[in-house]
Every structure is written in structure tokens, then in C-alpha cells.
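Participant: Let me begin by handing over the structure; questions about it come next.
The values are calculated or read from the model by the stated rules, or taken from the named source; none is laboratory data. The shown structure was predicted, so the numbers you read here are calculated from the model rather than taken from an experiment. Quick reminder, even Gly has a Cβ in these numbers, built from the backbone with ideal geometry, and neighbours come from all protein chains shown.
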Amino acid sequence: MIKVYYPEKKTCLDNSMTETTKDTSSKDDKLARPDFHFQEVIGEGGYGKVWRVEMARNKRHYAMKEMSKALIVMKKSVENVLN
């Protein structure tokens, strides 16, 4: 059985808790969560999920890792995640 999770729609995104990727075609623009359409979870780990996303601008597919900052700090694993 395949479980599909859909992200919660939030009006505000705390940029300190997520890291954005940059599209190679536009190096000056920063990307944020609303720039992507979340399609399905393709993996789960101890700290978060890996999503298959589609960029709204160019309809290309990417994998986006979503990690829980609070959980990483609580488990005292900051150095492990950064390495």
C-alpha cells in the first residue's frame, strides 16, 4: 500500500527553518515553498521527508528534502545533519 501525504497550506513560511535551492537559469532569484507544487512523498527518514515537487515556473520535477529543525535540535544532531 502506498501512502501519499499532502503538505499543509501555510500562509507564512519561516525562512530560517528551510533551505531553498536555486535554479541555474536565474541565479539572483531566491526560491521559496510557494514556487513548487508538492506532489508526493518519495521517502521518509528520522528527521523529515523527501518530496517529489514540480517547479511552478518551468514544470520541471525535483526532489526536495524537508527536515524538522526542532527535532534535529532536540535530538542534539545538528553536527550530524550539517556534515
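Participant: Residue check: is D14 acidic (D, E), surrounded by 14 or more Cβ atoms within 10 Å (Cβ to Cβ) and modelled with pLDDT under 55?
Facilitator: no
Participant: While we're here: Hey, among the residues in the range 51-66 that are without any contact (Cβ under 8 Å) to a residue 24 or more places away in the chain and among the hydrophobic types (A, V, I, L, M, F, W, C), which one's nearest to K30 (Cα to Cα)?
Facilitator: To start, the set of residues in the range 51-66 that are without any contact (Cβ under 8 Å) to a residue 24 or more places away in the chain comprises 52-54, 56, 59-61, 63, 65.
After this cut, where a residue has to be among the hydrophobic types (A, V, I, L, M, F, W, C) as well, the list is 53, 56, 63.
Details: V53: 17, A56: 14, A63: 17 Å.
This residue is A56.
Participant: Kindly evaluate Y47 against the criterion of being of a type outside the set (D, E, K, R), modelled with pLDDT under 90 and touching a strand residue (DSSP E or B) at 6+ places or on another chain (Cβ under 6 Å). Steps first, please.
Facilitator: Numbers: of a type outside the set (D, E, K, R): yes; modelled with pLDDT under 90: yes; touching a strand residue (DSSP E or B) at 6+ places or on another chain (Cβ under 6 Å): yes.
So Y47 fits the description; yes.
Participant: Given the criteria assigned to a helix (DSSP H, G or I) and either exposed (fewer than 13 other Cβ atoms within 10 Å of the Cβ) or among the acidic types (D, E) (or both), does E79 qualify? Please lay out each step first, then the result.
Facilitator: Working: assigned to a helix (DSSP H, G or I): yes; either exposed (fewer than 13 other Cβ atoms within 10 Å of the Cβ) or among the acidic types (D, E) (or both): yes.
The answer is yes for E79.
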